[in-house]
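Just so it is clear, none of the values below were taken in a lab; they were calculated from the coordinates. Model, not experiment: these values are computed from the prediction. Glycine also receives a Cβ, built like all others from the backbone with ideal geometry; neighbour counts cover every protein chain displayed.
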Amino acid sequence: MTNPQTPLLQSKLPAVGTTIFTVMSTLAVEKNAVNLGQGFPDFQCDPKLVDVVTDAMKQGLNQYPPMTGVPVLREAVAAKIAALYGREYNAASEITITAGATQAIITAILAVVHAGDEVIVLEPCYDSYVPNIELAGGFAVRVPLAPGTFRPDFDRISAAITPKTRAILINSPHNPSGTVWTRNEMLRLQEILAPTQVLLISDEVYEHMVFDGQQHQSAAMFPDLAARAFIVSSFGKTYHVTGWKVGYVAAPTSMTNEFRKVHQFNVFTVNTPVQYGIAAYMADPTPYQQLPAFYQRKRDLFRSGLARTRFKLLPGEGTYFQCVNISDVSGLSETEFCKWLTSEIGVAAIPLSAFYGNGFDQRVVRFCFAKKDETLNAALERLAKL
């Protein structure tokens with residue numbers, strides 16, 4: 001009797017393998033290194049948030065919620081956007097609760113991108129963007145942000161727009177660089193897109209992590225952008241609960257209708273008691289209002305320690321990431337340096353080349369400072385050897 005054979009598969013994502021995040025986290029565990037690679041907090045969320053979710057469970061709110069999200073949470077999101085950015089979204093027809101921002105982004109792409117369509121992505125970019133576009137049958141058109149500053153190059157963005165361009169995907173505050181788009185940059189994007197039918201997917205998951213008195217420039221603040229935008233955000237980032245995987249999308253009704261057609265079949269609904277708990281917790285805006293100061297203090301602590309090394313600090317305008325240039329520390333490539341740093345110094349970081357399709361190496365690596373002070377101080381003590 002012959003052994004049964006599994007049929008041969010033709011991969012839909014042949015270029016996707018083990019990510020650098022998995023490689024570095026595995027190495028960090030093996031070497032007992034301080035892991036400043038992956039972007040998640042190592043501290044607890046507010047106990048009040050756990051209490052309100054627990055209360056929702058105890059009240060029996062444990063069955064399927066509406067496909068679009070529980071009304072009270074959609075209303076809380078709409079109220080927050082109106083208060084912060086001055087745009088009124090209809091909670092019933094223009095706000096959808098999602099299983100995190102990553103699901104929101106792929107659902108938006110699947111909803112609007114057809115086979116052969118082009119989608120502009122600005123590199124370096126979050127690693128899910130391009131595979132999402134390819135799964136939809138589209139083509140990613142990679143436009144680099146300016147090396148070193150990571151500011152948008154609008155001449156190159158304009159040149160990349162063709163009759164096949166279906167959408168452009170932007171991210172501010174920006175992972176991995178920590179750059180925050182300015183009002184003038186958003187106005188320039190609005191001007192470029194105005195004569196086109198190009199849609200905008202605006203990844204704003206770090207919206208509440210903007211430092212030094214700057215303001216987050218949401219696409220919701222710009223009428224001609226908001227009229228063509230899926231605006232994506234994340235409760236996981238804002239409330240230190242990345243494992244809960246709850247986010248939302250705000251978009252005009254016609255776009256939301258198409259988004260929900262896909263959402264109902266790839267997710268259907270999102271965790272019910274967590275939705276009710278977050279809605280109750282959002283009644284007090286203080287936690288997200290205080291988030292910039294909370295993370296700026298951590299950023300400043302970390303930057304002051306890094307300043308005593310040979311790293312060159314890049315600006316850290318937002319997010320909970322800090323990038324450094326390694327040119328004065330090592331002649332290794334970014335990836336090999338990160339492996340060396342983890343193994344020999346005991347601190348894990350991520351190479352920025354991992355965020356480029358062609359592995360572009362500009363001698364820059366990324367640290368995450370969403371960590372307890374003692375974690376940051378332990379890392380800085382080790383990095384002081386540099």
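Table for the structure above
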| item | result |
| --- | --- |
| Residues CYS125, CYS45, CYS338 arranged by fewest to most Cβ contacts within 10 Å | CYS45, CYS125, CYS338 |
| In nm, spacing of pseudo-spin labels at GLN290 and GLN362 (7 Å Cα→C-beta vector) | 3.6 nm |
| For PHE360, net neighbour charge (Lys/Arg +1, Asp/Glu -1) across residues whose Cβ lies under 12 Å away | -1 |
| Cα→Cβ-extended label distance, 7 Å offset, between PHE154 and GLN264, nm | 4.0 nm |
| Hypothetical label at ALA227: residues of the range 195-213 whose amide nitrogen lies under 11 Å (7 Å Cα-Cβ projection) | 195-196 |
| Centroid-to-centroid separation of the range 188-233 and the range 325-386 [C-alpha atoms, Å] | 30 Å |
| Charge dipole magnitude, Cβ of K and R +1, D and E -1 - the chain, Cα centre, debye nearest 20 | 300 debye |
| Rounded FRET efficiency, nearest 0.05, which uses the C-beta distance separating SER304 from ASN90 and R0 of 56 Å | 0.75 |
| For the range 111-265: rounded, prolate or oblate by the Cα gyration tensor [a/c cutoff 1.5] | rounded |
| Net charge of neighbours whose Cβ lies under 11 Å from the Cβ of ASP117, counting Lys and Arg as +1 and Asp and Glu as -1 | +1 |
| Potential lengthening between ASP127 and GLU336 on full extension [0.36 nm per residue; Cα-Cα distance subtracted] | 73.3 nm |
| Tensor-based shape of the range 83-146 (alpha-carbon gyration tensor, a/c under 1.5 rounded, otherwise prolate or oblate) | prolate |
| Expected 222 nm ellipticity per residue - DSSP helices of 4 or more, -39500 (n - 2.57), all of the chain, to 500 | -11000 deg cm²/dmol |
| Gyration tensor verdict on the range 6-68 (Cα atoms; rounded if a/c is under 1.5, prolate if a/b is larger than b/c, oblate otherwise) | oblate |
| Ranked packing of 360-368, 303-311, 340-348, most packed first, by mean Cβ within 10 Å | 360-368, 340-348, 303-311 |
| For the range 256-362: relative contact order, % (alpha-carbon pairs under 8 angstrom, 6 or more apart) | 12 percent |
| Computed label-point distance, nm, for sites PHE21 and ALA82 using a 7 Å Cα→Cβ extension | 3.5 nm |
| Those lysines that a straight Cα-Cα span of less than 23 Å connects to LYS48, excepting residues fewer than 8 apart in one chain | LYS58, LYS80, LYS237, LYS245, LYS298, LYS371, LYS372 |
| Relative contact order (percent, whole number), the chain, Cα cutoff 8 Å, 6+ residue spacing | 25 percent |
